[in-house]
Ligand code: DX5
Ligand code: ZN
C-alpha cells in the first residue's frame, strides 16, 4: 500500500518545512499537482518549485499533470526530479505519443481518468502504463467530497489487472479520508493520494500511520495461487 500526501493542501508559505514534515511522516510518495488554468480552472505551481523541493526529499515524486498541453512540460518536470508523470486520458489522440515520451525520459507512466470519463478509455493503454489513477473528485481543487460513483471503476481496474496479469498500481485522488480510503482499498486501490485529510492534522506521521493501518486491513485477500498447492495434497 502506498500513501501519497498531496502537497496542494500544504501551507505554500513554508513549503520546505511542509516537505520535511512529509519526509518524517513515513509516507511513501509526495504527490505534486500541476494545474495550468486551462485543463482545470486553477493554477498551482511549475517545474521551478519541484526542482527547488527535489534536494529536500528522498521521496518518490509523483507529478500529476492537469494540463492541456503536457507535451511541453514532460521534459521540464523530468529534469526537475519527477519519478512518475501522470497524464489524463481525456487528452485523446495525444495520449499514445505522451506515454512514449515519458518512457523515453526514463520515468514511470501514470494515466488519469476523471470522474465523468469511462474507465474503458484507459483500457487500450493498460499494457503500456505503470500506474492508473482514478480521480475520485473533479480535478482542480483540494478539499472536495469523494464521489462514490467512481468505486466501480476501481473494481474494474483491479479486475483487468488480475485477469491480464498486469502490474500497474491503482491510485485514488480526491476526498480520500479515513473512511473513503477503506472503501477504495476494498475495491482494489493500492495507492492513496490525500491532501486535506493528511496535511490538516497536527501530527502528519500519526495520520499516515492510521491511514496505512486502515487500508492494509481493508485490502482484499489475494486469490490463492494454484501452483502453491503442496504436491503431497491431492488437488
Ligand atoms: C485535485 C488534486 C488532488 C488534491 C486532493 O485536483 O488532483 O491531488 O490535492 O486533495 P484532497 O485530498 O484535499 O481532496
Ligand atoms: Zn492529484
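The values are calculated or read from the model by the stated rules, or taken from the named source; none is laboratory data. What you see is a predicted model, and the numbers here were worked out from it, not measured in a lab. A quick note on method: Cβ atoms are made from the backbone with ideal geometry, for glycine too, and the neighbour counts reach across all protein chains shown.
Summary table
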{"item": "From 185, 157, 171, residue being outside any loop (DSSP other than H, G, I, E, B), within 14 Å of the chain's Cα centre (by Cα), more than 14 Å from ligand 1 (Cβ to nearest atom) and in contact (Cβ under 8 Å) with a residue 40 or more places away in the chain", "result": "185"}
{"item": "Tally of residues being farther than 14 Å from residue 31 by Cα and outside any helix (DSSP H, G or I) across the range 75-108", "result": "4"}
{"item": "Unmet requirement for residue 178, which otherwise passes all of (1) at pLDDT 95 or above; (2) surrounded by fewer than 17 Cβ atoms within 10 Å (Cβ to Cβ); (3) over 18 Å from the mean Cα position of the chain (by Cα)", "result": "(3)"}
{"item": "Residue list for the range 112-139, restricted to those being buried (at least 17 other Cβ atoms within 10 Å of the Cβ), part of a loop (DSSP other than H, G, I, E, B) and either within 12 Å of ligand 1 (Cβ to nearest atom) or in contact (Cβ under 8 Å) with a residue 60 or more places away in the chain (or both)", "result": "114, 136, 137, 139"}
{"item": "Some residue of the range 131-149 being more than 16 Å from ligand 2 (Cβ to nearest atom) and in contact with a helix residue (DSSP H, G or I) (Cβ under 6 Å, 6 or more places away or on another chain)", "result": "no"}
{"item": "All positions within the range 74-97 that are under 22 Å from residue 138 (Cα atoms) and either in contact (Cβ under 8 Å) with a residue 12 or more places away in the chain or within 13 Å of ligand 2 (Cβ to nearest atom) (or both)", "result": "84, 85, 86, 87, 88, 89, 90, 91, 94, 95"}
{"item": "Candidate set: the range 58-74, residues that are assigned to a loop (DSSP other than H, G, I, E, B) and within 18 Å of the chain's Cα centre (by Cα); chosen: the one nearest to ligand 1 (Cβ to nearest atom)", "result": "67"}
{"item": "Condition broken by residue 34, with the remaining ones in (1) at positive phi; (2) crowded, with 19+ Cβ neighbours inside 10 Å satisfied", "result": "(1)"}
